[in-house]
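The values are calculated or read from the model by the stated rules, or taken from the named source; none is laboratory data. Being a predicted model, the structure only gives us computed values, none of them experimental. Here Cβ is always computed from backbone atoms with ideal geometry, including for glycine, and neighbour counts include all displayed protein chains.
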Amino acid sequence: MKVIRSIDNMKQTVRDYQNEKKQIGFVPTMGFLHAGHLQLMKEAKKENDVVVASIFVNPLQFGPNEDFEKYPRDEQKDSLLAENVGVDVLFIPTADEMYPNPMLIQMALKERVDVLCGRSRPGHFDGVLTVVTKLFHIIHPDKAYFGLKDAQQVAVIDALIRDLNFPIELVGLPTIREVDGLAKSSRNVNLTEQERKEATWIYQGLQTGQQLIRNGEQNPTKIINGVTKTLEQKVSGKIDYVELLSYPSLEPVTSINQQVILATAVYFKQARLIDNLLLDENGKIITRYN
């Protein structure tokens, strides 16, 4: 596995692969890799000639009171894990490499951002758009792989690819979970022992909503209330939101007659956890988004 730190070297490596007519699969990450990241890399390995993964903790997507400095990092371990699942190139640029000068162009999305995580994290997805656009231009992937745990991010990348005509196939893969159902996350290490026990109810709360849909409930308010009640009873953390929206447009729905996302976020003392279920109109989980 090659480890590349400069944009120029990465671009040259991509040109070499393109000259060899090799298809490139790309997995962007912020590091501290877990099973969810590794599953994306494994899937990319199955479907492409070459897998490029990036590790970059992007300062543009962290707000002033968020955890940029505290965000966990372990480059040595990440490199070993990526190599073990068959990653061919690991791109690890510094912030100075990615942003040598203040950005003169500001990217912003008009829709899909004022809901879910975007409501309480102004500017976050502008930062995501900027860094992903830069990475796409550097790596020129044929396919890009993202986890559906952050389904709003997948919806944002979907809009980016469509609106700016990137010749890239977006692949959204299902959330990887612990045995007890908690979504794998780099932030789980920040939970106390008691919070870790309570956090399993986030997924169970979403499953309560899913079961309502499978039982024929069509009223979004009743479904949201069912999830909220479960969380309020079982979790000491502060509920940021529980929302039920169309997907990927992320607009309010009046009835469950289309693909939807049922999502929540909960604040614990040192971690904010998100989770969601992407469901069809019958309440069946959608396991791959293209």
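A few comments on the model shown:
- Yes/no for Val89 being in contact (Cβ under 8 Å) with a residue 24 or more places away in the chain and touching a strand residue (DSSP E or B) at 6+ places or on another chain (Cβ under 9 Å): yes
- Note on segment 164-274: enclosed strands (runs of 3 or more DSSP E) holding 2 or more residues that are buried (at least 17 other Cβ atoms within 10 Å of the Cβ), touching an Asp or Glu at 6+ places or on another chain (Cβ under 7 Å) and not charged (D, E, K, R) are 169-173, 260-267.
- Matching residues, segment 19-40, being more than 17 Å from Ile55 (Cα to Cα) and free of Cβ contacts under 8 Å to residues at least 60 places away in the same chain: Asn19, Glu20, Lys21, Lys22
- Residue match in segment 61-73 (condition: surrounded by fewer than 17 Cβ atoms within 10 Å (Cβ to Cβ) and touching a Leu at 6+ places or on another chain (Cβ under 9 Å)): no
- Test: residue in segment 122-140 that is over 26 Å from Asn165 (Cα atoms) and at pLDDT 95 or above: no
- Count of residues meeting criterion [touching a residue at least 60 places away in the same chain (Cβ under 8 Å) and closer than 21 Å to Arg288 by Cβ] in segment 239-253: 5
- Selection within segment 10-53 - acidic (Asp, Glu) and closer than 22 Å to Ile157 by Cα: Glu43, Glu47
- Asp16 vs. criteria free of Cβ contacts under 8 Å to residues at least 60 places away in the same chain and either touching a Lys or Arg at 6+ places or on another chain (Cβ under 7 Å) or on the phi > 0 side of the Ramachandran plot (or both): no
- Every residue from segment 44-58 that is touching a residue at least 60 places away in the same chain (Cβ under 8 Å) and surrounded by fewer than 19 Cβ atoms within 10 Å (Cβ to Cβ): Glu47
- Residues in segment 233-261 that are among the hydrophobic types (A, V, I, L, M, F, W, C) and over 16 Å from Gly172 (Cβ atoms): Val235, Ile239, Val242, Leu244, Val253, Ile256.
- Meets criteria (outside the structural domain of Asp114 (by TED's automatic domain parsing), among the charged types (D, E, K, R), more than 19 Å from Gln153 (Cβ to Cβ) and in contact with a helix residue (DSSP H, G or I) (Cβ under 9 Å, 6 or more places away or on another chain)) for Glu243: no
- Hits in segment 165-195 (condition: under 21 Å from Ile55 (Cα atoms) and among the charged types (D, E, K, R)): Glu169, Lys184, Arg187
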